[in-house]
Amino acid sequence: MHAFRDLSGVKRLVFLLHLAFWVLFFVFKYFDYRPNVGSERAFLLIVIPGVFNLVVTYVHYFALLPFLLRKQYLWYALLLVVLLGIAIPARGVVEAEFLTQIFNTDYYTTWTLSRVTSMLWNMASFLLFIALIKFTVDRFELVNRQKTLENEKLTAELNYLKAQINPHFLFNTLHNLNYLAEQKSDQATGVIMKLSYIMRYMIYEAHKPAVRLEQEISYIRDYLDLEAIRLNNTFDLTFSVEEVDTDVHIAPLLLIPLVENAFKHGISDQQSENWITICMEGDEKRLRVEVANSLKPEELREDSPSGFGLENLRRRLELAYPGRHTLDIDARPTQFCTTLTLAL
């Protein structure tokens, strides 16, 4: 009983499958034989070959199959010949001892090719059937382990990508907070509160596979407020979320790279017009996010990069929304626009 309790998961299921197979087989054969030969004879006809089939099957299962799985084919073949070479004569001797007088026949004392073939076929049938169970279970466990490893790898990569989401923003905010504190500005308290909200979200929510869109929007609002304080409101902002279902769930920190990219490449004190437009729309099945921004003078070059953040985002989308997303980039002479569409 203790050993049975130690079996877990798939192993316990396999144990029950083996047990059920043998019990059902013996019961079926017993009720098949009994009407013709009686209970005692039916029992002997089943138990004697059954014991040898059990022994051969599980010696093969536990002792010989590992050689086959390790591709030691010669050792496997030799040991299989030895196993059957011992089991078949032993079974013949036992059957001759117990069944000859009961059935009043010389069948069990006479060695013929047909009888040896019959015993060999009988043992091989059980041996192969039980071996197939092992191959099936091993294959299932292998596929399951591969999927687990793959999921763990994808999760680790997603966490790594999320950890890379512009930590320089936090350093800039802390630097700005230090400046506000030195100036004894009333804005310092607001910066601390907004920064605490952002840090709380990144620590307690960002590791989750999905969060409510309302939480992501709240995080973006806090980010926008901090950027407005840092840049002294030197840009025009349009943030529209009226036409979106905020109860849907999305991967956390998925939208912030679009916003960060807009600030990085779009806001400059060297140009008179600085603006960012963020628009979200969608329902429970679809989400569309468009972020457009003016361009800094140095970003007007054709070879100007779109930023590491968008490459990071592309990889995260491939992992979290494979085949269920589009990310379009529209670079114009005076503005840059990214549009993300998700199938939820």
request  = Evaluate the following for Thr326: is it modelled with pLDDT of 90 or more and in contact with a Ser or Thr (Cβ under 7 Å, 6 or more places away or on another chain)?
outcome  = yes
task = Would you be able to say whether some residue in the range 257-279 is within 18 Å of Leu310 (Cα to Cα), in contact (Cβ under 8 Å) with a residue 60 or more places away in the chain and either outside the structural domain of Thr338 (by TED's automatic domain parsing) or of a type in the set (A, V, I, L, M) (or both)?
result = yes
ask   = Where residues in the range 231-289 are at pLDDT below 85 and of a type in the set (Ser, Thr, Tyr), which of them is farthest from Ala206 (Cα to Cα)?
value = Ser272
message = Being in a helix (DSSP H, G or I), among the hydrophobic types (A, V, I, L, M, F, W, C) and either modelled with pLDDT under 90 or not assigned by TED's automatic domain parsing to the domain that holds Ile133 (or both) is the requirement here; does Leu78 meet it?
response = no
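The values are calculated or read from the model by the stated rules, or taken from the named source; none is laboratory data. Not measured: the values here are computed from a predicted model. Glycine gets a Cβ as well: all are built from the backbone with ideal geometry, and neighbour counts include every protein chain shown.
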